[in-house]
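> Pasting a structure below so you can have a look.
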Amino acid sequence: MSTGSLLAVDLVIAVLAASAWLGGGAASVARRRPLALGLAAVALVATLARAITITALARAGWWFAAEKVLIAVPLSLAAVAVAGPRLLRARGDVRAVALALLFAGYATGSALLVTVLHGYPASAGAGLFAVAGVVAATVISGRALGARPSRPVSRAAVAVAVAALVTGTGLTVAPEATPAVPHDHGFPAAARISAEPTRRFTLTAGTTTVNADGRDVAAWAFNAQVPGPELTATVGDILEVTLRNRDIGRGVTLHWHGYDVPNDQDGVPGVTQAAVRPGQEFVYRFRADQAGTYWYHTHSASDVGVRMGLYGVLVVRPGPVGGLDVTVPVHTLTGRPLPAPTVQRVEAGVPVRLRLINTDSTTHRYALAGTAFLVAAIDGVDLRGPTPLVDTAVLIPAGGRYDLVFDAPATPVSLFVDGRAVYSTGPVSTTTGAWPVLDPLGYGAAAAVPWPRFDRTFTLVLDRGLDLRGLLPRYAHTVNGAADPDIPPQVVRRGDVVLFTIVNRSQVVHPWHLHGHHVLVLARDGEPAAGSPLWLDSFDVRPGEVWKVAFRADNPGMWANHCHNLAHADAGMTLHLMYS
Ligand code: C2O
Ligand code: CU
């Protein structure tokens, strides 16, 4: 079983155990003997079954099991030790075991809450909070049931509660000092290149209406079109892009997704520049020195901004290209897929390059039917030794790009996205739903990792948790138990080779995206990457996965490092890489 499924199964069993204990307790209060004993038996089995799932999770990595081993296991043992013997001795009035069953329910339930609300890393504060909750709930229930706790028990309860309050502040106060992420001041000095621009564009952001799937829907757009104008350049060009904001109240910027521009051109409001307000403008200028498929999007209120349409394609070609070269950005606008580009027909034998871009916040599945093809590039970088694929689907993470190349066949070709034909030269009678999915970590020809060692290592454990640091508590997407802006920045020095271990212990996919650098994939779940070197800027870390990626810190500045499910990024899953 994959670690992701184990996490889910363990959660289900934990919910089952806690609710069966509580249900058994309630049934015994109501003197429903068979029901109470039946639920208690279920609870006992479920609680003991967690020994298996927790052991398996601990073997998959301490990150997945820390709080379960340190908090859930002792509380579950207490539950079984208290309720088990009393159940065996339960003759006569079943109400006599009610408090024991309720205690077991509170113990397993509060351990579950620790996992759901706090998760990783396990802290003494969280453990004591859990224990204090159990003690308080048991004492109150005991009173209600007419049982008088003994003196020592009450004293112990008070002591635990006080200790929990004192150390529990560990839950609400960041252990590290507040990170020094600049906010709307002290932006990098514009090191704008002085060379004359060779490609000039103007993008004006504004509200508009566009047609999506046959319906007019409200959108935010660059130059009144979604996607915005396709920006194209040839390697060596100097791009100058003037951004104007007509009426986007949340502000606009341009972030060149995957394009490793100088930091002051990166377009992150509050970090590299101030957001461009209505009536204002900002001029970006950088040299196009990486060929490949990229895209640009606003980074101001990025979740709603990109979703509403403030994005477009950036393609840099190495020189003049023959054949057909088209971009297929996929985007969902208010729940409706936007139309794909108009299909151009070419004669058989003409080389075709389809540049697939996922501009949504979730993964899409692409299936190219009717021809064999190569995955020539991922995230703008050419793969080494790609081999022909037939009847194989690819999964593109949020923000990611795949370039598929093939020679046009005489028969029709059709590109399906999540089962919907978006780009077809004619009808293709194939069903693509059962096709295997390409694993890029095993595709193409391998090459040695270019670094013998790492100067810095960072671990990012992705999870959910209650963030109590703001004015209102929120259920945040967290990194190492903290949410933006409280996640300490990762500090590196220029020239460092940096290793990231990224662990997903949540139940959802997190498409990871570091600005300003492509990372080289080293391993996933302990399996070294075996195919072409993969230099990615967007990669899906699925539930239970552990990715190891590395990069050379060669682009100084302050860089966003976040989940590209932009709703997650907004809800806490954003941190920063900083050069000292
Ligand atoms: Cu495409 Cu910070 O994002
Ligand atoms: Cu995410």
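The values are calculated or read from the model by the stated rules, or taken from the named source; none is laboratory data. What you are looking at is a predicted structure, and each value in this text was computed from that prediction instead of being measured. Virtual Cβ from ideal backbone geometry, glycine too; neighbours counted across all protein chains shown. The area values use the complete protein model at the heavy-atom level, side chains included, leaving out ligands, DNA and RNA. Shrake-Rupley method; radii C 1.70, N 1.55, O 1.52, S 1.80 Å.
> If each residue of separation counts as 0.36 nm, what is the full-extension length gain between SER580 and ALA348 once their alpha-carbon separation is subtracted?
78.0 nm
> Expressed as a rounded percentage, what relative contact order does the chain have, with Cα pairs under 8 Å and six or more residues apart?
Across the chain, relative contact order equals 12 percent.
> Accessible surface of PHE201 in the full protein assembly, 1.4 angstrom probe, to the nearest 10 Å²?
The value for PHE201 is about 40 Å².
> Suppose we look only past 42 Å in the calculated P(r) of the chain. What percent of the Cα-Cα pairs does that tail hold?
Tail fraction, whole percent: 33.
> May I ask you to give the solvent-accessible area per residue for the chain, in square angstrom, as obtained with a 1.4 angstrom probe?
42
> Using R₀ = 35 Å, calculate the FRET efficiency as 1/(1 + (r/R₀)^6) where r is the Cβ-Cβ separation of ASP455 and ALA56; round to 0.05.
0.55
> Under the rule a/c < 1.5 gives rounded, and otherwise a/b versus b/c splits prolate from oblate, where does the stretch 225-357 land using the Cα gyration tensor?
Note, shape of the stretch 225-357 comes out oblate.
> How big is the charge dipole of the chain about its Cα centre, in debye rounded to the nearest 20, if each Lys and Arg gets +1 on its Cβ and each Asp and Glu gets -1 on its Cβ?
So the dipole magnitude of the chain works out to roughly 2640 debye.
> For ARG246, ARG353, give the ranking by accessible area with the largest first, probe 1.4 Å.
ARG246, ARG353
> What order, most packed first, do the peptides 107-119, 278-290, 221-233, 551-563 have when packing is the mean number of other Cβ atoms within 10 Å of each residue?
Going from most to least packed, we get 107-119, 551-563, 221-233, 278-290.
> Looking at the square roots a ≥ b ≥ c of the eigenvalues of the Cα gyration tensor of the stretch 363-415, which shape do they give, rounded for a/c under 1.5, prolate if a/b is larger than b/c, or oblate?
oblate
> I would also like to ask the following. With a 1.4 Å probe and all protein chains kept in place, how do MET578, MET573 rank by accessible area, largest first?
MET578, MET573
> OK, next. Going by amide H atoms built from the backbone, whose H comes under 5 Å of the H on ASN245, apart from near neighbours?
ALA205, GLY279, GLN280
> Still on this structure, I have one more. How much length is gained if the chain between VAL12 and ASP525 is pulled fully straight, taking 0.36 nm per residue apart and subtracting their Cα-Cα distance, in nm to one decimal?
My answer for the length gained is 182.4 nm.
> By average Cβ neighbour count within 10 Å, what is the ranking of 417-426, 466-475 from highest down?
417-426, 466-475
> Beyond 15 Å, what share of the Cα-Cα pairs of the stretch 1-94 is found? Please give it as a whole percent.
Looking at the stretch 1-94, the distances longer than 15 Å represent 60 percent of pairs.
> If we sort 482-491, 329-338, 305-314, 391-400 on the protection proxy, mean other Cβ atoms within 10 Å, highest first, what's the order?
Those peptides, ordered most packed to least, come out 305-314, 391-400, 482-491, 329-338.
> Can you list the HN-Hα couplings for the stretch 481-490, worked out from phi with the Karplus curve (6.51, -1.76, 1.60; θ = phi - 60°), rounded to whole Hz and with x for Gly and Pro?
Coupling constants for the stretch 481-490: x, 10, 10, 3, x, 9, 7, x, x, 9 Hz.
> I would also like to ask the following. On a 0 to 90° scale, report how tilted helix 98-113 is relative to the longest principal axis of the chain, with both axes built from alpha carbons and the result rounded to the nearest 10.
The helix 98-113 is inclined about 20 degrees to the chain.
> Here's something else I'd like to know. Using a 1.4 angstrom probe on heavy atoms only, work out the carbon and sulfur share of the accessible area of the chain in %.
Summing carbon and sulfur atoms, their accessible area is 60 percent of the total for the chain.
> Rounded to the nearest 500 deg cm²/dmol, what is the calculated helix-only ellipticity per residue at 222 nm for the chain, with -39500 (n - 2.57) per DSSP H run of length n ≥ 4?
Estimated from H runs of four or more residues: -8500 deg cm²/dmol.
> Just to be sure I understand: of the beta bridges DSSP finds with both ends in the chain, what percent are antiparallel, rounded to 5?
75
> For helix 73-88, report the angle its Cα long axis makes with the longest principal axis of the Cα atoms of the chain; keep it between 0 and 90° and round to the nearest 10°.
Long axis of 73-88 versus the principal axis of the chain: about 40 degrees.
> Just the number, please: percent antiparallel of the DSSP beta bridges in the stretch 236-382, rounded to the nearest 5.
Percentage antiparallel, nearest 5: 70.
> In the stretch 66-95, which trypsin sites (Lys or Arg not before Pro) are in a loop and have at most 13 other Cβ atoms within 10 Å, using DSSP for the loop call?
Answer by residue number: ARG89, ARG91.
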